[in-house]
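The values are calculated or read from the model by the stated rules, or taken from the named source; none is laboratory data. Note that the structure is predicted; figures quoted are calculated from it, not measured. Glycine also receives a Cβ, built like all others from the backbone with ideal geometry; neighbour counts cover every protein chain displayed. Areas reflect the complete protein model, heavy atoms only, side chains present, ligands, DNA and RNA absent. Shrake-Rupley method; radii C 1.70, N 1.55, O 1.52, S 1.80 Å.
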Amino acid sequence: MPADTQSEEILARYAAAEAVLDATVKPLVLNEAVAATWVNDTEFWYRRQRPDGGQYIRVRDGRAADAFDHAAAAAALAAASGVEVAPWSLDVESIGDSELIVRRDGHRWRVAGGAAAKLGEISSSQPGVSLSPAGDRALFVRDHDLYVRDVRTGGELRLTADGEADFSWGQYPDAGLLAVVRRRNGGLPLPPYGWAWSPDGERLVGGRVDERHVEPYPFLESVPQDGGARPRAYMVRQPLVGEPGPVFSACIIEVATGRRTPIALPDGIAGNALSIVGWRADGKAFYTAIIAGEPREIRLVEVDALTGAVRTLVTDRPEGYPNLNAEIYNRPNLRLIAGGKELIWYSERSGWGHLYRYDPATGQLLNAITSGDWLVRDILRVDEDRKRVFFTATAREGGDPYLRRVYRVDFDGANLTLLTPEDADHTLDGGPIPILATLYKVPEPPPAISPGATLFIDSYSTVDGPGVTVLRSTEDGREIAVLERADASALMATGWKPPERFTAKAADGETDLYGVLYRSNPVLQTPTPLIDGIYGGPQVTVTPRNFKTARAALGGYGRAALARLGFAVMVIDGRGTPLRSKAFQNAGYGNFADMALDDHVAVLEQLCARDPSLDADRIGVYGHSFGGYTSARAVLRHPDIYKVAVSSAGSHNLHGMYGNLADALWAPDYGNGLRVKPDVKAIPENYRDLDTGTLAAKLRGKLMLAYGDMDENAFPAATLQLADALTKANRSYDLLYMPNRTHGFTPEPYYVRRLWDYFVEHLMGVRPPLNYAIGGPATAGGIG
């Protein structure tokens with residue numbers, strides 16, 4: 001049994017941990033970046049954050065000043081509206097030399113000459129429609145078919161008449177992992193999925209997904225949202241690994257006539273939408289990148305917009321994962337240039353992700369734009385006037401290979417220039433892939449490079465130091481002005497402490513790995529129990545590299561809070577994860593979790609050997625999604641290392657997961673090259689050892705499994721099937737059911753408190769407070 005401790009002490013530790021939860025501390029640092037609105041090539045304005053609002057700054061020729069008289073503008077608005085207006089509360093839409101446009105109370109106001117005039121209501125967005133390039137027509141879906149509405153007159157034109165359930169025009173497919181969300185609470189008002197206008201607005205290009213043959217997968221809403229007692233079942237057209245998946249077909253629709261022209265796509269194409277790279281200058285063809293075939297090929301194809309004929313121009317046959325950007329959720333590094341006469345293509349053919357220049361008319365490689373043992377991350381800007389590309393890259397300058405820097409290079413590969421020499425993460429981000437922008441309202445990052453590509457705004461920081469934003473020259477990276485120094489005073493007042501960076505060897509004894517350690521703050525036990533915050537999936541990294549992600553990083557939650565409870569927390573990305581060489585990511589191809597897990601074990605052993613203040617006999621692990629899968633495997637595969645594990649939303653038997661997982665990871669093999677499941681019980685040979693249930697009898701420590709019953713990313717059944725295996729093996733475990741939750745329940749106060757309690761009781765050996773309420777009174781609960 002855990003030792004008793006005074007209620008005041010443990011409650012104080014929980015309160016201190018609550019004060020540094022990710023959602024609490026994430027907004028506490030001011031001015032970490034500058035979102036510029038460029039006026040011309042040497043002038044821009046931005047909003048400087050203040051504790052009491054925002055101050056608008058105008059920068060001309062590198063000199064910053066107030067963009068306008070905030071007090072006078074607020075007074076003018078107050079006089080016109082009859083409502084008091086604070087000077088730092090203004091929501092400015094545009095700034096001119098003699099006037100402002102301000103948004104307030106649902107209206108737009110013009111402020112000029114010391115007076116304000118109402119311009120009208122702020123126009124609301126039109127959810128569920130896709131506007132033509134001219135903005136005069138809107139494409140939308142009604143009852144499974146496509147329609148076009150004249151924005152001015154309201155007149156409608158029906159483009160299709162054969163749509164039906166599960167074979168709809170413009171409907172987001174069930175296999176996209178949002179089917180339950182779409183059907184609850186009125187659904188998601190999405191524009192027609194996968195459809196795009198031609199630049200002249202005369203044609204529409206898109207696809208249609210046939211899911212009628214896909215066997216429905218049930219999700220049971222045991223606690224109905226309508227308040228009734230009868231559970232509700234959602235039947236989702238979701239194939240599992242090895243089952244026939246949705247069939248995607250594409251076409252071109254002539255808007256004026258509704259004439260439909262099929263696009264002759266190859267068989268076996270992965271995905272359910274076209275991603276258009278660009279249109280030819282004459283508007284008669286467009287270019288798209290597709291993944292097709294087995295083994296998989298990445299192809300750039302030209303599609304004739306009049307006939308639908310497809311011509312393959314570039315083909316890559318990568319080993320392992322097919323990537324068009326080092327980060328799977330960022331926009332592919334493909335750009336049409338020179339009016340469509342040339343193309344920038346991203347490839348990992350050399351073993352590293354680099355840029356190549358092609359002639360799309362012939363498919364001929366003109367030259368490599370970048371090369372070497374380093375990685376291109378995101379194209380930031382293509383300057384066609386000077387024939388050069390601006391991009392971020394990592395691993396070229398030595399040191400931590402994850403720290404981004406900004407470079408410039410000519411189209412022919414000459415004059416590669418480092419523009420950001422500081423040993424820090426320069427956080428200029430590429431745009432999101434279109435589906436993320438649509439579904440999750442992920443905005444395009446503001447342009448960091450000036451319209452004429454002579455200046456750029458650079459924000460950089462480290463995990464242990466607040467950042468700086470500077471204005472630089474694009475010629476040589478020369479610093480022209482310091483725009484902002486991030487203010488972390490409110491963050492530090494909470495007791496939050498930054499993590500420490502470290503380097504260790506992978507399980508192969510050769511590969512360097514780069515991690516961070518959140519130390520117990522304060523040290524409550526010596527030696528200190530240690531927790532591994534693991535992920536391990538092949539698509540993202542989770543170790544923070546800058547000050548913002550040190551507070552709230554992808555794939556992790558509450559690392560600093562666990563440190564405030566008295567634990568040390570390690571975060572590292574092992575082999576099999578991205579953002580290094582192709583070989584580094586492919587090291588886990590076919591068994592990504594165990595390769596990364598072995599690296600985690602090797603690093604834990606090194607850390608504990610170096611630092612006797614870390615307790616090698618009390619190591620825990622937690623993770624969500626792929627991290628939930630990996631954390632459960634950790635306590636089962638390495639019971640001598642991991643004593644306590646919390647696994648949430650884990651995909652514990654990958655062969656029972658959604659079928660497009662095979663597209664993202666690797667094709668199933670049922671023997672003799674068979675890719676389709678021969679019977680309901682069949683398990684692919686290359687997936688068999690990945691089923692965590694086969695390790696159930698090895699459990700010796702404490703394991704808590706958590707799941708949400710509406711989770712389409714990691715099916716509830718996967719957790720329950722692992723629970724069944726543990727039950728049959730007569731192993732004790734804990735099961736936490738989160739009703740009505742989809743995939744993202746980790747920030748919820750109840751789940752966070754249960755996570756804390758589990759580690760405090762079973763790893764620290766201290767009795768946790770009873771029913772501590774995060775967000776409630778500081779003295780909530782007692783001692784359990």
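Annotations
- Checklist (1) of a type outside the set (S, T, N, Q); (2) under 27 Å from residue 279 (Cα atoms); (3) part of a loop (DSSP other than H, G, I, E, B); (4) open to solvent by 30 Å² or more (accessible area, probe 1.4 Å) applied to residue 380, failing item: (3)
- Test: residue in the stretch 112-124 that is out of contact with any His (no Cβ under 8 Å at 6 or more places or on another chain), within 30 Å of residue 76 (Cα to Cα) and surrounded by 14 or more Cβ atoms within 10 Å (Cβ to Cβ): yes
- From the options 758, 707, 772, 751, residue that is without any contact (Cβ under 8 Å) to a residue 60 or more places away in the chain and within 23 Å of residue 561 (Cα to Cα): 707
- Against the test of being among the hydrophobic types (A, V, I, L, M, F, W, C), in contact (Cβ under 8 Å) with a residue 40 or more places away in the chain and either open to solvent by 80 Å² or more (accessible area, probe 1.4 Å) or out of contact with any Asp or Glu (no Cβ under 9 Å at 6 or more places or on another chain) (or both), the options 229, 270, 256 yield a single qualifying residue, 256.
- Of all residues in the stretch 139-155, none satisfies being in a strand (DSSP E or B), hydrophobic (A, V, I, L, M, F, W, C) and surrounded by fewer than 18 Cβ atoms within 10 Å (Cβ to Cβ).
- Reported count of residues in the stretch 498-509, each being surrounded by fewer than 19 Cβ atoms within 10 Å (Cβ to Cβ) and within 18 Å of residue 569 (Cβ to Cβ), is 4.
- Among residues of the stretch 202-257, those that are among the acidic types (Asp, Glu), under 16 Å from residue 184 (Cβ atoms) and part of a strand (DSSP E or B), counted: 1
- Of everything in the stretch 629-638 that is farther than 16 Å from residue 577 by Cβ and of a type outside the set (D, E, K, R), the residue that is surrounded by the fewest Cβ atoms within 10 Å (Cβ to Cβ) is 638.
- Looking only at the stretch 664-698, and only at residues there that are among the aliphatic types (A, V, I, L, M) and under 20 Å from residue 296 (Cβ atoms), the one that is farthest from the chain's Cα centre (by Cα): 674
- Check on residue 713, modelled with pLDDT under 90 and either in a loop (DSSP other than H, G, I, E, B) or of a type outside the set (A, V, I, L, M) (or both): no
- Options 356, 402; residue that is touching a Leu at 6+ places or on another chain (Cβ under 8 Å), without any contact (Cβ under 8 Å) to a residue 24 or more places away in the chain, surrounded by 16 or more Cβ atoms within 10 Å (Cβ to Cβ) and aromatic (Phe, Trp, Tyr): 356
- Per-region count, the stretch 437-464, residues open to solvent by less than 40 Å² (accessible area, probe 1.4 Å) and either basic (Lys, Arg) or modelled with pLDDT under 95 (or both): 2
- Count of the stretch 276-300 residues which are touching a helix residue (DSSP H, G or I) at 6+ places or on another chain (Cβ under 9 Å), open to solvent by less than 50 Å² (accessible area, probe 1.4 Å) and part of a loop (DSSP other than H, G, I, E, B): 1
- Of all residues making up the stretch 683-710, the number that are open to solvent by 20 Å² or more (accessible area, probe 1.4 Å), of a type in the set (A, V, I, L, M, F, W, C) and either at pLDDT below 95 or touching a Phe, Trp or Tyr at 6+ places or on another chain (Cβ under 9 Å) (or both): 1
- Considered as a group, the residues in the stretch 260-316 that are of a type in the set (Asp, Glu) and farther than 26 Å from residue 382 by Cβ include one that is modelled with the lowest pLDDT, and that residue is 294.
- Residue 490 being buried (at least 16 other Cβ atoms within 10 Å of the Cβ), outside any loop (DSSP other than H, G, I, E, B) and either touching a residue at least 24 places away in the same chain (Cβ under 8 Å) or out of contact with any Asp or Glu (no Cβ under 7 Å at 6 or more places or on another chain) (or both): no
- Residue count for the stretch 8-37, restricted to those that are more than 17 Å from residue 557 (Cα to Cα) and either of a type in the set (D, E, K, R) or open to solvent by 40 Å² or more (accessible area, probe 1.4 Å) (or both): 8
- Residues within the stretch 711-735 that are of a type outside the set (Ser, Thr, Tyr) and in contact (Cβ under 8 Å) with a residue 60 or more places away in the chain, tallied: 10
- Selection within the stretch 746-784 - open to solvent by less than 50 Å² (accessible area, probe 1.4 Å), modelled with pLDDT of 95 or more, out of contact with any Lys or Arg (no Cβ under 9 Å at 6 or more places or on another chain) and not β-branched (Val, Ile, Thr): 753, 755, 756, 757, 759
- Of all positions in the stretch 72-87, none carries a residue that is open to solvent by 70 Å² or more (accessible area, probe 1.4 Å), in contact with a Phe, Trp or Tyr (Cβ under 9 Å, 6 or more places away or on another chain) and not β-branched (Val, Ile, Thr).
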